[in-house]
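The values are calculated or read from the model by the stated rules, or taken from the named source; none is laboratory data. Note that the structure is a prediction, hence the values are computed from the model and not measured. When we count neighbours, we look across all protein chains shown, and the Cβ atoms used for this are built from the backbone with ideal geometry, even at glycine. Heavy atoms of the whole protein, side chains included, go into the accessibility calculation; ligands, DNA and RNA do not. Shrake-Rupley method; radii C 1.70, N 1.55, O 1.52, S 1.80 Å.
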Amino acid sequence: MAMPLAYSLPAIARQVRGHEVAKLEVFRLPVNRRGDWLVLRLHTSDGLVGHGDASHSGNDAATVAALKQLLSLLQGESIFEVERFRAAARKSPGSDSAAAVVAASALEHCLWDLAGQALGVPTHVLFGEALRPSVDLYANINRSADPRTPAGFAAMAEKAVTAGFSAIKLAPFDAMPANLDRRTAVQPLIDQGVACAAAVRQAIGPHHKLLIDAHSRFTRSEGEALAKRLAPLDLFWLEEVTPAEPIEDLVAINRSTVISTAGGESVRYVSGFYDYIRSGAVDIAMPDIKACGGLLELKKIAAIAEGAGMRVSPHGPASPVGGVAAAHVAATLPNFDILEHAFGEVPWRADLTVPPEPIQGGKLLLSTRSGLGISLNEGLLASRATAV
């Protein structure tokens, strides 16, 4: 018999007894200069353990503080009251900060893991059942390439291809500061970034996908010119050329280029994505399960995108916990395209979870175990993590 969709969980809660939230554990794992990982374990009174990812809010201390504050909304409550928690979290003090949104999202990841375990089904079943047994990944080499030169990016791209990835992403314009003097200093940095992108295309050949993230470093006119320069590289997409506001800049760039555009990694909630999608700012929406509001919010955003004929590629250069959580929802989306994977950051990445992160041939295999299907590696936590 088919399981109910996510939206009917309150009805399940009235039939399933027990499974109240008891306590929270938060672990910080040093990764690299681009940021640490914050992973969670949320315990129930009857011994279940759910997992979540609270990485990369921009302020780990604020995220930890928000997690402890939001825990008060969950303690003693049923793991199935996901919508109640989501509504309460958005009304809590400081809920508009990036740290608070990431914290609330991470706790929601835990609830979906716990719900699947309590019902004895994989979490993806609660979101409508998987349409595919695995999800395609692209290797984001931006956090691991060193040096950040054409040769450095090309070398890391070659490693990703050797590891089985057929799609590679880099952000070669990160050297451009937000307050850059446009009159004198911008062109050499643009030239350097284009050279890095060209080197990666040469390294991976014409049959692999090349994705470029501009990290919102450009003005509208610069972005339009950049898209023309990058067009010969046959990009799979060009991402986040300008900031999301004013939205008219992204709309103009999208209309002016033959390259598919993508973005939305920092846009929050359905309400934020509604105008983003309706305006035609990009061709591919990139909600991040940590920043957009969680797994259920990703599902809702994807539904809006589906109605607009738009593909969805969840953003998320985070820990294996976040990758697995996103995959459970991505596998259920008719308009899913490809999921982000932070490649090469640390050699022990796959071993953070038990079983190890199941990546084969550039795909993340979907677990058939209950919940997210993972636990944290106690030995690795003991040697590398700090409880916070």
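Within segment 279-314, restricting attention to residues that are open to solvent by 20 Å² or more (accessible area, probe 1.4 Å) and outside any loop (DSSP other than H, G, I, E, B), the residue that is nearest to residue 240 (Cα to Cα) is 311. Taken together, 273, 218 contain a single residue that is crowded, with 20+ Cβ neighbours inside 10 Å and either free of Cβ contacts under 8 Å to residues at least 12 places away in the same chain or assigned to a helix (DSSP H, G or I) (or both), which is 273. Would you be able to tell me the number of residues in segment 187-210 that are closer than 19 Å to residue 224 by Cβ and either in a strand (DSSP E or B) or open to solvent by less than 30 Å² (accessible area, probe 1.4 Å) (or both)? Adding up the residues that qualify gives 4.
If the condition is being under 17 Å from residue 295 (Cα atoms), open to solvent by 10 Å² or more (accessible area, probe 1.4 Å) and not in a loop (DSSP other than H, G, I, E, B), then segment 103-123 contributes 104, 117, 122. Of everything in segment 125-151 that is part of a helix (DSSP H, G or I) and open to solvent by 10 Å² or more (accessible area, probe 1.4 Å), the residue that is nearest to residue 369 (Cα to Cα) is 125.
Number of residues in segment 17-44 that are farther than 23 Å from residue 350 by Cα and either among the acidic types (Asp, Glu) or at pLDDT below 95 (or both): the value is 4. Of all residues in segment 152-177, those satisfying the criterion of being open to solvent by 10 Å² or more (accessible area, probe 1.4 Å) and among the charged types (D, E, K, R) are 158, 159, 174. Quick one: would you say residue 244 is in a helix (DSSP H, G or I) and not β-branched (Val, Ile, Thr)? Criteria not met by residue 244.
Among the residues of segment 371-383, what is the count of those that are in a helix (DSSP H, G or I) and in contact with a Pro (Cβ under 7 Å, 6 or more places away or on another chain)? Quick ask: steps written out before the conclusion?
First pass over segment 371-383, keeping only residues in a helix (DSSP H, G or I): 378-383.
With in contact with a Pro (Cβ under 7 Å, 6 or more places away or on another chain) added as a condition, the list becomes none.
Total meeting the criteria: 0.
Of the residues making up segment 29-72, those that are outside any strand (DSSP E or B), over 18 Å from residue 370 (Cβ atoms) and charged (D, E, K, R) number 4.
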